[in-house]
């Protein structure tokens, strides 16, 4: 491709409307939809399909204008995640905490911070308890105190949370499509719940430093969830994705009012205790 042809392709890219093809292009029976974004498909006047990116325009191969457009990656804007996320706290019960591999304290502290963030950003919280609660216990008192008002609590018999109709209904009625998963056990209920959520069409953020197990090395379960489509994350990463900016004047007014009443709702994630040898899978 010579420089003159490349310049022509660049001009064609600039002329692409939000929906359609450049002027002068012969339309076929089926005309594709073209969208601007990280990757945009344009059609030259010679019928070539071109991938136009920020700093390059390169020839892909000769195709007709009926070709499907290149899919674009999602890029949520500031604070969008706070409007779409829901926290699912799975089976944080004494029976699982006591048999957890490693020191439970760093994980419990992260769960406290996660619940504080939920109160700050008004994230709905659903917590589950595995039956029988008479022997496996309930959520520790320090976490119950940290939970937002309106937290939904469910007992379950299935390892997969979405296997319980009441939990499925609560997820659906929330209107949220991003589920942030934390709790126990990484290789059992967390694994099966994440797979169930993905199958139901939810986006899953798996907080790898907020899940735990009696298994010494749960990395196989973490890899399986990631390959299935879960987005691996840490509490620190998620917290900064939700807040989005160091400029608190850009935070919603309701957040600032809550923070004024309770400054502990937002503490820098950098001062979290190290995980050490816990079974979270994060080192």
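Details
Conditions tested, residue by residue: (1) touching a residue at least 12 places away in the same chain (Cβ under 8 Å); (2) not in a loop (DSSP other than H, G, I, E, B).
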{"site": "172", "(1), (2)": "no, yes"}
{"site": "198", "(1), (2)": "yes, yes"}
{"site": "201", "(1), (2)": "yes, no"}
{"site": "216", "(1), (2)": "yes, no"}
{"site": "223", "(1), (2)": "no, yes"}
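- Subset of region 238-252 (residues that are surrounded by fewer than 16 Cβ atoms within 10 Å (Cβ to Cβ) and part of a helix (DSSP H, G or I)): 240, 248, 249, 250
- If you filter region 179-201 down to residues that are surrounded by fewer than 23 Cβ atoms within 10 Å (Cβ to Cβ) and out of contact with any helix residue (DSSP H, G or I) (no Cβ under 7 Å at 6 or more places or on another chain), you find that the one that is farthest from residue 162 (Cα to Cα) is 188.
- Matching residues, region 225-237, being touching a helix residue (DSSP H, G or I) at 6+ places or on another chain (Cβ under 8 Å) and part of a loop (DSSP other than H, G, I, E, B): 229, 230
Bear in mind these aren't lab numbers, they're just calculated from the coordinates by the rules spelled out. Nothing here was measured: the structure is a model prediction, and the numbers come from that model. Backbone-built Cβ (ideal geometry, glycine too); neighbour counts: all protein chains shown.
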